[in-house]
Structures are given as structure tokens and as C-alpha cells.
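Q: One structure is given below, represented as C-alpha cells, and several questions about it will come after.
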Amino acid sequence: MVTKLDLFARLAEGHAARLTVVTPNQRLSHALMLEFDDFQARKALESWEAPDILPFGAFVERLWEDALFSDRGADLALLLTPAQEQHLWERILADSGLLIVPQAAAQCRDAWRLIHQWRIANGQGNEDAAAFTRWSAAYRKLTHGDIDSARLPDLMAQHLGAVKLPKLVVAYAFDVMPPQTQEFLARFPTEVCTPDPVAGNAARTAFPSAKQELEAAAKWARARLEEGKARIGVVVPDLGKRRAEVVRVFSRLMQPGYNLPGQGRTPLPFNVSLGRALASYPLVDAALTLLQLSGEPLPFAEASALIRSPFIGGANSELAKRSTLDVRVRRDADATISLGKLVAVAEQLPLLRRHLEAVFTLSKHAPASPAEWARHFSAVLDAAGFPGERALDSGEFQTRAKLHEMLGELARLERLSDRMNFAAALGTLRELCDNTLFQPESSDAPIQILGVFESEGQRFDCLWVSGLTDQAWPMDAHPNPFIPIALQKKAGIPQATAESSLAFAQRVTDGWQASAAEVVFSHPTKEEDRLLAPSPLISGIDQGAVAAPDYPRYRDLLFSSKKLESFDDWRAPPCPPGKVRGGTRGLADQAACPFRAFAKWRLGAEEMEEPAPGLDPRDRGKLLHALMREIFTRVRSHANLQHDLTTVIAQSAHKAVEEMKLEGRFAELERERLARLAGEWLDLEKRRAPFQVMFVEQQRDLKVAGLEMQSRIDRMDRMEKDGGHVLIDYKTGGFPSPKHWEGPRPDDPQLPLYAVAAPEELAAVTFAKVKPGDMKFMGYARAPHMLPNVQHYHEWQELLETWKEDAEALGKAFAAGDAHVDPKDIDKTCRRCELHTLCRVYEK
């Protein structure tokens, strides 16, 4: 066994020593490289030869490459890439009946690796194991003449004579070495080196929740950084799931205000070991979305993001125009949008249109092979001006390079697949980007945030290990489903059984305790309503509090500056007399919340529309109003209702659908639905007292408190018996009720406003609830039995006067600039309001 000090001394001799160090993974290689650099720097050296330190898999692949370019290279099998391996397994499993083939193929790849690493022979097992035996035979046949990473060490053991070998190989920090690795290294002069244990103190602490635990770890890390510690470790067992939360918490603690404009590129003093899926990076997501648009329509939300993407040519020059286009297209777009449609609507944006037309031209070609598709996708991105006109930062530049690597991986599938259609080619590229974890390279940071496996074998000045509850540690066993568990247990595969998981966790816990002078083990005590206990592996460690300063948040820093101003923000400038936007809806919003009325009808704040499949409630309301307008334009009286109206209903439904520009089978279904709706409603109208239709959808100007508003009355009837008029407003959804007219802040003041402003003598004011199976009139009348279900209101004139007073009060408040954030009912009023971020009602 070699000590680390002796190892560094030998590495310091340079390449003449012909010494190679192999590690279990890339992160350990990187960490050992940094330690060696520190070792050399402490000797006051300005330069030195880079040591030969690399993961075991990379070491074997390097030997294969050396042999490939040697005199014997012509007889050497070609190495499959991971993407090629996955493709072959998916091809084999395509006809297996499995629902999720890519995931099953990945597990087959893992099983194939395990049986070679751990020398597992075929054995009796369940149906899954039998199926894997069949699939393995097919895979071995398909890869005849090729080699994969699982079998590469066995192949290279036979070709070591063709390459120049190191004089000594040092295996560093292997916790458990698989038999395949042992056999391969046995062919070299090999020694073993383990990290030197660090004598230190370990403490255990607990926190009420996982969130508080993470924040405490971040404060502790910052405190140790300010004390001058050079290498600080924080282990988060479920780092893959909590990565975004970890980055947010540590960023906020290390640099308050990190996410403000202009702060995003400031280097932060921590590094998260686990990358994220390449497809999740904005640059790659935009590229994949663009490629999808070149071959098939997109959901509008994705097309909208693409219009505003900075990674399309001309994005900076047309920034404002493209945002305006996005808002405009939302009003009329379908739930999906094609490339051709997008080209058409971009008529006034020359740069965007030029790039989209270039993509449209390329989309007419249909490549066949994976390599042709890779070239085609690259051409599409170039035609779109990808990645935009602004300069990429370092992270984006590296992300773009990684995307090109994935296109290269797609092209390499040429050896295995002659033909692919568009869906298969794009699906393969997207799968590659989804399954590739990526993190742009950056300078080494003093704080390392690691998962369990990445922390093995590393040394720190101080270490915090979080999340060690009895539920999380030891981790659950994860046996491969395609290898009998008995065989995995016999082979000694870590985490294949509960016993091996416990043994692994014990070794890792012992390793943590010997990895730094200060070690903190922590766990939350509660998860929602469930109580949590510490892991039994740390229960013997003394419990105590861990001191860490309470660093202020950015908002605390702002408040502590004492630069405060106080002013009343509830009053807007008065509204000048005359016409106002919004009509009666402005007063309805004034009743619901004064701020909403001010923001929507004076500032023009409104939520952007989101196209949805089919007709939304607003469109269905338009259809109904058009249907009723056409019917009662033709049927002018109660007497005409007694005739056969089949033709009238059909013509009215056809006209309403035509106005909405519906086509095909969908239009036919809507005509049938409207005809049924009209027939059911007219049956109710027939039971009314005789009436004449005076007008439908009449535009009127109203005056309230000096404000002029435009309105549209759905329908006005005149009763033949007493001459009084009936004001009717159609409703299709919700739960309309006359109670919505009650003041002083009525939920729906529209009809009361129409009523008090109407010159006609009103006998009734009513909603017409047009809902299948629940057709009814709902309102008030001055006499009984005037309309079905309409209540007789005894104090009719008093009701009209009350409505007038409420309308005047609302109009005066709107005109005076009353903009209080004062929802009438915070649950009902705010539930569907889109102005929360503007009014900040929940902060109030």
C-alpha cells in the first residue's frame, strides 16, 4: 500500500516515472488532481508536469485508442458509444410489449454491465431474468465485431502487448473493487492507495424541517469560508431532487441580491457536483423546440417561447416587435401553431420572417439516415440564426458545444440504423439531451455541494452531511430487476440487498467521519405531519448545536439602509369627464376591487391570453349571443314561436358558427349543439305571456357620475298586455343570480346600470340562463307571473332608485381615482384575478 504523500512524491517526478493513478470516478480524479497541485504549489514551484490521474473507465478506453492506432488496430473491435448501446437495446426491446422502452433499455444496459463487472453467470430466475437472457443473446449477436464499455476491459486484457504500458498503476480510493477491475489491474504492476484519515470531531444536530436544515448548512458554510477554510464540503443525499432548491438557498446566503439584474454572472463560491439534464438548459430547449417546429405543429406555449427566444436570429434587433407579435397572435391563435402559420403572422418582422422562411424551405426535404438527419438539424439551426446575435457567455458557449456533441452522437447511429423518420430522429436527439447530465465547467470553488457517491474518498477542511434520517440512511436497496437477487447478493454488489446497502452506508459514514477535522451530521425532525428520527448509523454521535451566524437577507439589507419613503398610493389622478374605457365592466371591477378597475381600465393592465384546444368559455358565449341574435331577429314575437322553427334554428346556428369561422367536423358538431340549445330555450319562451321583441344587441351610451360608457343590451321585449318592457341579458356559465345586483358593491352591476339608464318603462330585469337541462329566467319584475321563475318585487321604484344610487357611487369613486387594494371578498374576488403581482394583495 502507498501513502498519499509517497504517491505525490512519485507523481512529482513527472512522466519519466510512467505512473498512472486510476480512481472510481471523474470527481475523485479531479479532487486528487487539485490536491496534487496544492502539494506542488507549497514547494514554491511555478510549473510542473500534469500527473496522469483518470477514472478507471477512461484508462481502459485510452488503452483501446492506443491499440486502435497501433499496427494491430485493424483487428481490434470498434467501441460502441453509450448512445449506440442504448439504441441497440431499444431495438431489441421494441417488440417486447414493454410500455416504456427507453427506461427498460437503460436497465438492460446496467444489467449487462453488472454481469461483466461482477462475473455473474446465468442462473435460474423469474420471468424478467429469463427475458433478459433472451435479449442478451440478441444483443451479443447484434454487436458481433463491436465492443461495448462493459466488455472492453476483457478485450483489452488480450491486447496489452500492442500498447505502451505504465510502469506502475495506483488504484486510489476504491471502496469495493469489482472482480473485472481486479483482474484487469492484476496484469499491471499495481499498488493501492487510500485517502489518509483525518483526526477530528464529529457532532450531530437536528432541525425542525429539511428547509431549515439546508439554510443552516449554507450559513455554516459561509461562516467557515469567512474563517479562511479552503475546502468545505456539504453533502445532500437527495441532491438530484433538491438541486434547484440547493442552488437558490446557497446563492441567497452567499450573495444577497444575486438574482438582481446585472448580478447573474458574478461567480459564486460554491459548486454543485450534480449537473442537470442538457435538455433543461434554455439554449438546448430552444434548439429542440425549433427543430420540432420544422417538422410538426407546436403547442402554442412552446411556439410563444420560441418567438421571444434570444437564441433566434435578430432577437435583439426585434425584441419589442416580437413581444408585441406574441401578444397579438395569442388573441386568434389555435392551441397549436405550424411553421407556415408562424411565417404568415411574422409578416411585419423581416428578420424573424427571413429566418423562419429559411427553415420552412429546409423542412421540405426529408433525410433518411441518422447522419443525414444530424446534418439537416444543424442546417435548420443555422438557417434560424441560432444561437442568436448576442455574444454567448461561457456557460452558454459550453452548452452549445455539448449540443453539437449530441448531434454527433445521433450521426454515429448511422452504423446501426439505415433509416429514420423525422419523429424517430428528433426523439432520439431529445432522448440524448434528456439523459445527458451536464454542468458547464468553472473555476474550482471552495464550497463543494455533493451527493453521497460523489463525496466518497474526498477530504475537506470541514464537512456537513445533511438529511440523515432513519428513512433516508441507509438508502433503500436497488437491485437490478433483470438479474436474480440471489446472484447479486452472492456477487457482493453494493446496494443490491438490504444487507449490502447497510454495509455500504456504514463504510460511507465511517469515511465521512475520517474526512475532515470538523464533521457535522444533521437531519430534520419533521416532514409535514410525519415525525422523523435520526439514522441509527449516527445515533451514537454526541448531539449539540452548531454555531453559525444569522446572515441578513437582501430585503433586510434594504430596510436597514433606512432610505424609506412613505406616501399614500391608493389615489390615482382624477378621471376627466367624458368617455372611459371598459364600459360597464369598469364599474363592475370598481365594485369588486378599486385597484383592479384602475389597473385594467386606466393603466391598461391585462393578462395575456392563452390559446386552448376547442372553444373557451368566452367563445361559447359569443356563439350563444350570435345564435339568440339571429333567432330573435327572425322571430319577432311570442306568436311566431308557435310556428315550426326548425328552419329558423338551423339557419341561425349556421350563421353563428360561420361568424366564429369554425370549419369541418367541429363546425358540424357546434351547429348540432346550438340547435339543441335553441330548441330547449324556445320551449321556455313559449310559456311566457305574449310579447314583442323590440331590439337585440343594441348599442347604447350610458352616463354615470359624468362618465360616458358604451354598452350593449342583449335584448329588450315589450309585454303586449300592459306595455311594460323586459330587459334580458344572456348567461351561459357560472351561477347567475339576482343577488349579484345587491349593493353597495354589486357583483354584477351591468343590468342595474342598463335599467336605470333605459328611457323605456321597465317591467322586469332578468338574466336568461341558457344552460342545457337548467333553462330559466332569473330576475325581478314589478308584477307577478310576468315571466317564469322571475320574482315579484313589490317596491319596484325603490329598487330602481337604489340601483341608481349604487351606480352613481361607483362612478364617482372611479372618476375620483379611488384605487384602493380592497377586494370585496379576497377569496372570490382574487381567485381569478391576474393582477396579484401588480397589487401585491397577499403582502397586504
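Q: Out of 124, 117, 103, report the one residue that is surrounded by fewer than 17 Cβ atoms within 10 Å (Cβ to Cβ) and farther than 23 Å from residue 370 by Cα.
A: One residue alone meets the criteria, 124.
Q: Taking residue 752 as the residue in question, decide whether it is in contact with a Pro (Cβ under 7 Å, 6 or more places away or on another chain) and either of a type in the set (Phe, Trp, Tyr) or buried (at least 20 other Cβ atoms within 10 Å of the Cβ) (or both).
A: yes
Q: Enumerate the pairs (first residue in segment 549-571 and over 18 Å from residue 259 (Cα atoms); second residue anywhere and at pLDDT 80 or above) with beta-carbon separation below 6 Å, excluding pairs fewer than 6 apart on the same chain, so at least 6 apart or on different chains.
A: Note: pairs meeting the criteria are 549/223; 570/819; 570/820; 571/817.
Q: Now for a separate question. Identify, from the list 578, 582, 586, the residue that is loosely packed, with under 10 Cβ neighbours inside 10 Å, touching a residue at least 12 places away in the same chain (Cβ under 8 Å) and closer than 18 Å to residue 604 by Cα.
A: That would be 578, the only listed residue that is loosely packed, with under 10 Cβ neighbours inside 10 Å, touching a residue at least 12 places away in the same chain (Cβ under 8 Å) and closer than 18 Å to residue 604 by Cα.
Q: Being among the polar types (S, T, N, Q), open to solvent by 80 Å² or more (accessible area, probe 1.4 Å) and within 32 Å of the chain's Cα centre (by Cα) is true for just one of 543, 471. Which residue is that?
A: Answer to the selection: 471.
Q: Select from segment 1-51 the residues that are open to solvent by 40 Å² or more (accessible area, probe 1.4 Å), over 22 Å from residue 448 (Cβ atoms) and not aliphatic (A, V, I, L, M) and list them in ascending order.
A: Within segment 1-51, 3, 6, 10, 13, 15, 18, 43, 46, 47, 48, 49 meet the criteria.
Q: May I ask you to say which residue of 329, 284 is within 19 Å of the chain's Cα centre (by Cα) and in a helix (DSSP H, G or I)?
A: Of the residues listed, the single one that is within 19 Å of the chain's Cα centre (by Cα) and in a helix (DSSP H, G or I) is 284.
For (1) surrounded by 19 or more Cβ atoms within 10 Å (Cβ to Cβ); (2) farther than 22 Å from residue 423 by Cα; (3) out of contact with any Gly (no Cβ under 6 Å at 6 or more places or on another chain), each residue gets a yes or a no:
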position	(1), (2), (3)
311	yes, yes, no
333	yes, yes, yes
365	no, no, yes
368	no, no, yes
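Q: Moving on. For segment 627-673, name all the residues that are open to solvent by 30 Å² or more (accessible area, probe 1.4 Å), part of a helix (DSSP H, G or I) and within 18 Å of residue 614 (Cβ to Cβ).
A: 658, 659, 664, 665, 666, 668, 669, 671, 672, 673, listed by residue number.
Q: Quick one: which residue in 164, 141 is open to solvent by 20 Å² or more (accessible area, probe 1.4 Å), assigned to a helix (DSSP H, G or I) and charged (D, E, K, R)?
A: It is 141.
Q: With the requirement that a residue be part of a loop (DSSP other than H, G, I, E, B) and surrounded by fewer than 20 Cβ atoms within 10 Å (Cβ to Cβ), what does segment 335-358 give you?
A: Of everything in segment 335-358, those that are part of a loop (DSSP other than H, G, I, E, B) and surrounded by fewer than 20 Cβ atoms within 10 Å (Cβ to Cβ) turn out to be 335, 338, 347, 348, 349.
Q: For a quick check of your reading of the model, give me the residue pairs whose first member lies in segment 665-693 and is on the phi < 0 side of the Ramachandran plot and small (Gly, Ala, Ser), whose second is in a loop (DSSP other than H, G, I, E, B) and surrounded by fewer than 16 Cβ atoms within 10 Å (Cβ to Cβ), with beta-carbon atoms closer than 8 Å and at least 6 apart or on different chains.
A: Filtered contacts from segment 665-693: 689/720; 689/721; 689/785.
Q: Restricting the search to segment 53-76, which residues are open to solvent by less than 40 Å² (accessible area, probe 1.4 Å) and among the charged types (D, E, K, R)?
A: None; the set is empty.
Q: Could I ask something else about it? Among the numbered criteria (1) open to solvent by 40 Å² or more (accessible area, probe 1.4 Å); (2) outside any helix (DSSP H, G or I); (3) under 28 Å from residue 421 (Cβ atoms); (4) in contact (Cβ under 8 Å) with a residue 40 or more places away in the chain, which one does residue 390 miss?
A: It is condition (3) that residue 390 fails.
Q: Is there a residue being at pLDDT below 95 and either touching a His at 6+ places or on another chain (Cβ under 9 Å) or of a type in the set (Ser, Thr, Tyr) (or both) anywhere in segment 2-25?
A: Yes: segment 2-25 contains one or more residues that are at pLDDT below 95 and either touching a His at 6+ places or on another chain (Cβ under 9 Å) or of a type in the set (Ser, Thr, Tyr) (or both).
Q: Filter segment 313-331 for residues that are open to solvent by less than 50 Å² (accessible area, probe 1.4 Å), under 20 Å from residue 358 (Cβ atoms) and charged (D, E, K, R) and give the result.
A: Within segment 313-331, 318, 322 meet the criteria.
The values are calculated or read from the model by the stated rules, or taken from the named source; none is laboratory data. Here the structure is a predicted model, which means the values were calculated and not measured. Positions of Cβ are backbone-derived with ideal geometry, glycine not excepted, and every protein chain shown enters the neighbour counts. Calculation scope for accessible area: heavy atoms of the full protein, side chains included, ligands and nucleic acids excluded. Shrake-Rupley method; radii C 1.70, N 1.55, O 1.52, S 1.80 Å.
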